[in-house]
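The next block holds one structure in the form of structure tokens; read it before the comments.
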Amino acid sequence: MGDIYVISDTHLHHANILNFVDSKTGLKVRPEFDNVDQMDEFMLDTWNSVVKPGDKVYHLGDVFIGDREKFKRIWPRFNGSKNLIVGNHDDIKFMASGGFFKSIYLERKFRDFKLHLSHIPLHQSQHETGAPGSGNFMVNVHGHIHQNPSPEGRYINVSVEAVGYRPVPIEELAEKANKILTTA
């Protein structure tokens, strides 16, 4: 088995995301791209430069918005065995029917890595593993907020804008989680 990677919010085919502006800075959220085809191909190239065919990827939602036929053509070109943590823009019925993902989850815990994967940042009360009050915590790896910083505390944002459009190795996330948990 290969390596494990995590990423969120690719928004493939979502032309309107190229017009989104950060409310704090007034700058475009994805200024690197002139059009949606350029964005999609860049994400494909960046993904495949990191993820190999035998690797596993957990996509934390909001995979694509738009043309389903176009998605059916491009998605198989992305390397790896893909698993979905459902996002607010994902059509679960469509995603489940097309064999696009090995598994589909609402959330996924990797206790060995102390990571709790979800689309949205979860409330801190959901970070505890084991019995309530045990003091054993996990770090919430999430997307949804794009370029914005995670809430204070036990969070890591893996939205594409926050990670340079590259899937992040789970070991790298585990290292960050250990630092967060030892300083919390």
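The table for this structure:
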{"item": "Over 26 Å (Cα to Cα) - which of K52/K72; K82/K114; K93/K114; K52/K109; K28/K72; K24/K102 fall in this group", "result": "K93/K114; K28/K72; K24/K102"}
{"item": "Farthest toward positive dipole pole in the stretch 25-144 [+1 Lys/Arg, -1 Asp/Glu at C-beta], among F94, S118, G54", "result": "G54"}
{"item": "Cα-based helix-to-principal-axis angle, 36-50 vs the chain, degrees rounded to 10", "result": "50 degrees"}
{"item": "Cα shape, the stretch 8-57, gyration tensor, a/c 1.5 rule", "result": "prolate"}
{"item": "Per-residue Cβ neighbour rank within 10 angstrom, fewest leading, T182, T129", "result": "T182, T129"}
{"item": "FRET efficiency, N148 to N48 (Cβ-Cβ, R0 25 Å, nearest 0.05)", "result": "0.40"}
{"item": "Taking I156, I92 and counting other C-beta atoms within 10 Å, the order from fewest to most", "result": "I92, I156"}
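Laboratory data are not the source of any read-out in this text; all were calculated from the coordinates shown. This one's a predicted model, so the numbers in the text were calculated from it and none came from an experiment. Glycine gets a Cβ as well: all are built from the backbone with ideal geometry, and neighbour counts include every protein chain shown.
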